[in-house]
1. Any chance you could count how many residues in the range 114-131 are touching a Phe, Trp or Tyr at 6+ places or on another chain (Cβ under 9 Å), in a strand (DSSP E or B) and either surrounded by 19 or more Cβ atoms within 10 Å (Cβ to Cβ) or aliphatic (A, V, I, L, M) (or both)?
2. Is it the case, given these coordinates, that residue 67 is over 14 Å from the mean Cα position of the chain (by Cα), within 30 Å of residue 166 (Cα to Cα) and either part of a helix (DSSP H, G or I) or among the β-branched types (Val, Ile, Thr) (or both)?
3. Just for the range 72-121: of the residues that are aromatic (Phe, Trp, Tyr) and in contact (Cβ under 8 Å) with a residue 24 or more places away in the chain, which one is nearest to residue 20 (Cα to Cα)?
4. As an exercise: evaluate residue 91 against (1) more than 14 Å from residue 56 (Cβ to Cβ); (2) acidic (Asp, Glu); (3) in a helix (DSSP H, G or I) and give the number of the one condition it does not meet.
5. For the range 99-113, what are the residues that are surrounded by 23 or more Cβ atoms within 10 Å (Cβ to Cβ) and within 21 Å of residue 170 (Cα to Cα)?
6. Please indicate, with yes or no, whether at least one residue in the range 31-50 is within 20 Å of residue 102 (Cα to Cα) and at pLDDT 90 or above.
7. Output yes when any residue across the range 25-33 is under 26 Å from residue 125 (Cβ atoms) and touching a Leu at 6+ places or on another chain (Cβ under 8 Å), and no when none is.
Amino acid sequence: MQLVETPLKDCFILEPRIFNDDRGFFFESYNKNTFDKLLGKNIDFVQDNQSHSVYGVLRGLHFQKGVHAQAKLVRVLEGSVLDVAVDLREDSPSFGKWYSVELTDKNFKQFFIPRGFAHGFVVLSPTAIFSYKCDNFYNKASEGGLLFNDPSLNIDWNIKTEEAILSDKDQINPLFNQLDFKNLWN
């Protein structure tokens, strides 16, 4: 597995080594020892989640606050998504910046998003199955969100805004400048 740095501090793309032959392919999608060695830290994933969505479904931008903050390792099992992370850590050199990567069932890339980030994705294929590992359990009372089309962030989601299919909750998330950064991670 190869670790690729992104412009966001502590966010990484992981590219597995693919073994192809006339039967198909094989790759190791996760190995704790390899993963921790590449990142230089011990990450204990405790929850796996999976979603199935159709073209235009935009899930995000989400985060868990305080002691319930989550690091995630995400990948696509079927289809294609544009995955986006936004750095919400005030002490980070990449605070307020975002990065996106296309994750597909053909490129096998995975995206590691540490605690302190908002995260979301939009489906670019007719359907997609999205999978992610979390290092902390979900806590409804600690949900946080950021409006996907905040003009101050100017995220390019690779679809037209009117094509985005959002949950009621994601339509009313706050803007970046409305977040209380001092109390997000306490």
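1. The qualifying residues number 9.
2. Values: over 14 Å from the mean Cα position of the chain (by Cα): yes; within 30 Å of residue 166 (Cα to Cα): yes; either part of a helix (DSSP H, G or I) or among the β-branched types (Val, Ile, Thr) (or both): yes.
Yes; evaluated as a whole, the condition is true for this residue.
3. Filtering the range 72-121 down to residues aromatic (Phe, Trp, Tyr) leaves 95, 98-99, 108, 111-112, 117, 121.
Cutting the leftovers down to in contact (Cβ under 8 Å) with a residue 24 or more places away in the chain gives us 98-99, 108, 111-112, 117, 121.
Details: 98: 34, 99: 30, 108: 13, 111: 22, 112: 25, 117: 35, 121: 29 Å.
Looking at residues that are aromatic (Phe, Trp, Tyr) and in contact (Cβ under 8 Å) with a residue 24 or more places away in the chain, I get 108.
4. Going through the list (1) more than 14 Å from residue 56 (Cβ to Cβ); (2) acidic (Asp, Glu); (3) in a helix (DSSP H, G or I), residue 91 breaks only (3).
5. Residue satisfying the conditions is 113 alone.
6. Yes - at least one qualifying residue is present in the range 31-50.
7. Yes, the range 25-33 contains a residue that is under 26 Å from residue 125 (Cβ atoms) and touching a Leu at 6+ places or on another chain (Cβ under 8 Å).
So that you can scan it fast, the table gives a plain yes or no per residue for (1) in contact with a Lys or Arg (Cβ under 6 Å, 6 or more places away or on another chain); (2) in a strand (DSSP E or B):
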{"site": "4", "(1), (2)": "no, yes"}
{"site": "28", "(1), (2)": "no, no"}
{"site": "34", "(1), (2)": "no, no"}
{"site": "45", "(1), (2)": "yes, no"}
{"site": "52", "(1), (2)": "no, yes"}
{"site": "60", "(1), (2)": "no, yes"}
{"site": "86", "(1), (2)": "no, yes"}
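The values are calculated or read from the model by the stated rules, or taken from the named source; none is laboratory data. It should be emphasised that the depicted structure is a prediction, and the values quoted were computed from it without experimental measurement. Every residue, glycine among them, receives a Cβ derived from its backbone with ideal geometry; neighbour counts consider all protein chains shown.
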